[in-house]
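Each remark here refers to the structure printed beneath this line.
The values are calculated or read from the model by the stated rules, or taken from the named source; none is laboratory data. Since this is a predicted model, take the numbers as computed values, not measurements. Cβ placement follows ideal geometry from the backbone for every residue including glycine, while neighbour counts extend to all protein chains displayed.
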Amino acid sequence: MPDFPARLIAVGGSAGSLIPLFTLLAALPHATDCALVVCLHSDDADGRGFGAVLAARSAWPVTAADAGYAPIIGRVHFARGRRHLVIASDGRFACPDTPPVHFCQPSLDVLFHSVAAAFAARAVGVLLSGANRDGAAGLARIRTAGGTALVQSPASAGFSTMPGAAIALGASDHVAAPAHLAAMLSAFARHPAVRGAHV
C-alpha cells in the first residue's frame, strides 16, 4: 500500500463539533505523510450528505471510511453512521456491528482505541465539543500509547461535557480553542512532532 500513511490524525466530536471541525479541515497542509479520520456521532448510515459538507470545507479530498479500505495520505476519511469504525490489525478500516458504546454508534472510544493500537506514537487524537463522555477514555489510550491528545477548550465548545471528561481524565496534552488546534494539526501534518513539545 504505497499511499498508506506514516501518521494518522483522528478527530472525534458530537453536538456542537461541526463548526470547529471545519476550522481544522481548512487548515490542513498540502504536503504531508498523514491521513485524517473524522468520527462524529451520527445516525446517517449513508453519509453522502455529510461527506459533501466536509468536502466543501476541507483542504484535502474527502471519502467515506468503508470496510476493507486503508487510510490514504492527504485524505480525510469520515465514519458513516450506525456502525462503529476501527483501524483493524492489517491497517484497513473495519466497521463492526457491535453494541453502542456510551449509547453511540459510531463511538469515538472505539475508534480511538483502535488508532492507539495501530499507530501508537504516530497518532494524534482530537476531541471536540459534545454532550457525553464518549471519546475521553479512547483519547487517554492514544496518549498512553505515545500519541498526542488535543482537546477543544470547554469554554470554546458549544457542549463542554465531552472535552471536560477528557480533561478530568488527564487525557490531554493540549487544551485550546479550534483555531489554535488547527494550527497545531497543521504543524503536525507537515512535520513529525514530539508530544507536548511541537504539537
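Within the range 132-156, can you find the residues that are outside any helix (DSSP H, G or I) and farther than 22 Å from L25 by Cβ?
If the condition is that a residue be outside any helix (DSSP H, G or I) and farther than 22 Å from L25 by Cβ, then N132, R133, A145, G146 are the ones that fit.
Taking the stated definitions as given, is T32 touching a Pro at 6+ places or on another chain (Cβ under 7 Å), of a type in the set (S, T, N, Q) and touching a residue at least 40 places away in the same chain (Cβ under 8 Å)?
no
Suppose we keep only residues that are part of a loop (DSSP other than H, G, I, E, B) and within 15 Å of the chain's Cα centre (by Cα) within the range 1-14. Which one would you say is modelled with the lowest pLDDT?
Step by step, filter the range 1-14, then rank; the result is P5.
Here are some conditions: (1) assigned to a loop (DSSP other than H, G, I, E, B); (2) modelled with pLDDT of 95 or more. C39 meets all but one. Which one does it not meet?
Every condition holds for C39 apart from (1).
Checking the conditions here, which among R48, R82 is basic (K, R) and touching a strand residue (DSSP E or B) at 6+ places or on another chain (Cβ under 9 Å)?
Answer to the selection: R48.
Tell me, which residue of the range 66-87 that is assigned to a loop (DSSP other than H, G, I, E, B) and touching a Gly at 6+ places or on another chain (Cβ under 9 Å) is surrounded by the most Cβ atoms within 10 Å (Cβ to Cβ)?
Taking the candidates together, the pick is A79.
Per-residue answers, yes or no, for (1) acidic (D, E); (2) touching a Leu at 6+ places or on another chain (Cβ under 9 Å):
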position	(1), (2)
V101	no, yes
G125	no, yes
D134	yes, yes
F159	no, no
S172	no, yes
V175	no, yes
A182	no, yes
H191	no, no
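Scanning for something within 24 Å of F93 (Cβ to Cβ), surrounded by 16 or more Cβ atoms within 10 Å (Cβ to Cβ) and in contact with a Gly (Cβ under 6 Å, 6 or more places away or on another chain), does the range 161-182 turn up at least one residue?
yes
So for the range 124-133 (the condition being surrounded by 19 or more Cβ atoms within 10 Å (Cβ to Cβ) and farther than 16 Å from L36 by Cβ), does at least one residue qualify?
Looking through the range 124-133, at least one residue is surrounded by 19 or more Cβ atoms within 10 Å (Cβ to Cβ) and farther than 16 Å from L36 by Cβ.
Restricting attention to the range 88-106, and to residues there that are modelled with pLDDT of 95 or more and aliphatic (A, V, I, L, M), which single residue is surrounded by the fewest Cβ atoms within 10 Å (Cβ to Cβ)?
Among those that are modelled with pLDDT of 95 or more and aliphatic (A, V, I, L, M), it is A88.
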